[in-house]
Amino acid sequence: MRILVIGGSVFLGRAIVEEALRQGHEVTTFNRGRSGPDLPGVTAVRGDREVPADLEALAASGEWDAVIDVCGFTPRTVAASARALSGRAPTYAFISSVSAIDGWTAKPVDESSPIWECSPDAGPDDGDYGVLKAGCERAVEEYFDGNALIIQPGLILGPWENVGRLPSWLRRMARGGRVLAPGDPEVPMRLIDARDIAIFTVDQAVKGVNDRFVTTGPAGNTTYGRWLADCMEVTGSDAELVWVDDRFLLDHGVEQWTELPLWFAASGELTDVWNVGTTKAEAAGLRCRPVSETVRDTWNWLKDQDLAALEARFPAWSKHGLAPDKEARLLAEWDTAQGAGRGSGDEQE
């Protein structure tokens, strides 16, 4: 089949292109050529989706059996793409996010949950990431004349990750020594490999499915402790994990999600971060590899890379991970607090 991928050179987009090529499809990519090179084997069309003339030229260049839009973040931009490509393909697959679901992190969600209110013509300043993704979903459904396949991924990991969550932990483990491990090691997580989302997305797009799916890992496919242990194992680390409780970290101003990637204190609006239903996607064929395999493959990719070049290419990396001096200070203060607590207990005895 002929598949057009809008984007296709970074992380999930790259994985989708790889999977489409692996299945033997003819792949056209449409991007500016700035985020990274296109994979060998694709027909690369250069252009900016925010430039009307570039979209018109793309639409005039051919027809496809499916469009997969991996890099839509602003509703009116996605709306323009949906309008331009109506009639040029029967199916438009849009990569959204579980963040588009109203109330995600604070309550259980699945495909039946409402998405945030947002106009399909909203601009970049009309909401945050999740709200705008909801508007993008509506833009596809409203302006594309054909099947609208909406994919709402959860927390995505894997080789070529451009966010920096797993790479940050792998790099920290590789340094060894005493490592600040956050919260409760038994906290269950739901993580998914970009390659598994890619397989599912390409399969559904090829079938011409008109539906929406939440795509993340199965319930409890790892825990925070097991995930960090996997990072230690693949890096051959001699690290000593020092588990520090949530309250201490919050009281000391540690940023959730970023300074300690994928850590959060499970309370209030973050009670149900991992409570995301995937029954529908699994019934449609979603399968997830073990998280340990994702960790291993990401390290095998990462360890041979020019890290300075990757940091320049992926600016979000700089936002993830504790600075070494801050980690050392927190560990020292934690040791002191624990020692004081033990002393108080001895006196009581």
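Within segment 199-214, does at least one residue satisfy the condition of being assigned by TED's automatic domain parsing to the domain that holds Ile101, polar (S, T, N, Q) and in a loop (DSSP other than H, G, I, E, B)? Yes - at least one qualifying residue is present in segment 199-214. Ser81 satisfies every condition listed in (1) among the hydroxyl-bearing types (Ser, Thr, Tyr); (2) under 14 Å from Val214 (Cβ atoms); (3) buried (at least 22 other Cβ atoms within 10 Å of the Cβ) except (2). Summed over segment 155-185, residues that are crowded, with 22+ Cβ neighbours inside 10 Å and among the β-branched types (Val, Ile, Thr) total 1.
Could you go through segment 143-158 and let me know if any residue there is at pLDDT 95 or above, more than 21 Å from the chain's Cα centre (by Cα) and within 30 Å of Glu333 (Cα to Cα). No. In segment 159-188, of all residues being over 17 Å from Leu307 (Cβ atoms) and not in a loop (DSSP other than H, G, I, E, B), the one that is modelled with the lowest pLDDT corresponds to Pro188. Residue count for segment 38-60 satisfying the condition of being surrounded by 15 or more Cβ atoms within 10 Å (Cβ to Cβ) and touching a strand residue (DSSP E or B) at 6+ places or on another chain (Cβ under 7 Å): 7. Once segment 28-53 is narrowed to residues that are in a loop (DSSP other than H, G, I, E, B) and aliphatic (A, V, I, L, M), the residue that is nearest to Glu311 (Cα to Cα) is Leu39. Within the span defined as segment 101-109, every residue fails to be of a type in the set (D, E, K, R) and under 17 Å from Ala148 (Cβ atoms). Can you find a residue that is among the aromatic types (Phe, Trp, Tyr), assigned by TED's automatic domain parsing to the domain that holds Glu18 and crowded, with 21+ Cβ neighbours inside 10 Å anywhere in segment 221-229? Checking segment 221-229: not a single residue is among the aromatic types (Phe, Trp, Tyr), assigned by TED's automatic domain parsing to the domain that holds Glu18 and crowded, with 21+ Cβ neighbours inside 10 Å.
Scanning segment 246-261 for residues that are on the phi > 0 side of the Ramachandran plot and either among the aromatic types (Phe, Trp, Tyr) or touching a Pro at 6+ places or on another chain (Cβ under 9 Å) (or both) yields one hit, Trp257. Here segment 122-139 is the region considered, the condition is being crowded, with 18+ Cβ neighbours inside 10 Å and not hydrophobic (A, V, I, L, M, F, W, C), and the residue that is farthest from Leu270 (Cα to Cα) is Arg138.
Here's the yes/no breakdown for (1) free of Cβ contacts under 8 Å to residues at least 24 places away in the same chain; (2) loosely packed, with under 14 Cβ neighbours inside 10 Å; (3) farther than 22 Å from Asp110 by Cα:
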position: Glu269; (1), (2), (3): no, yes, no
position: Glu282; (1), (2), (3): no, no, no
position: Ser292; (1), (2), (3): no, no, yes
position: Trp299; (1), (2), (3): no, no, yes
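Taking helices (runs of 4 or more DSSP H) as the structural unit, those lying wholly within segment 218-326 and holding at least 2 residues that are modelled with pLDDT of 95 or more and either in contact with a helix residue (DSSP H, G or I) (Cβ under 8 Å, 6 or more places away or on another chain) or polar (S, T, N, Q) (or both) correspond to 224-235, 246-251, 279-283, 291-302.
Among the conditions (1) of a type in the set (Gly, Ala, Ser); (2) modelled with pLDDT of 95 or more; (3) touching a strand residue (DSSP E or B) at 6+ places or on another chain (Cβ under 8 Å); (4) farther than 30 Å from Leu85 by Cβ, Gly103 misses just one, which is (2). Residues that are within 28 Å of Thr216 (Cα to Cα), within 22 Å of the chain's Cα centre (by Cα) and not polar (S, T, N, Q) within segment 23-48 comprise Phe30, Gly36, Pro37, Asp38, Leu39, listed in sequence order. The single condition among (1) closer than 28 Å to Trp160 by Cβ; (2) buried (at least 17 other Cβ atoms within 10 Å of the Cβ) that Arg287 does not meet is (2). Within segment 7-27, the set of residues being surrounded by 23 or more Cβ atoms within 10 Å (Cβ to Cβ), touching a Lys or Arg at 6+ places or on another chain (Cβ under 7 Å) and either not aliphatic (A, V, I, L, M) or not in a helix (DSSP H, G or I) (or both) comprises Gly8 only.
The values are calculated or read from the model by the stated rules, or taken from the named source; none is laboratory data. Since the model is a prediction, treat every value here as computed from it, not as a measurement. Quick reminder, even Gly has a Cβ in these numbers, built from the backbone with ideal geometry, and neighbours come from all protein chains shown.
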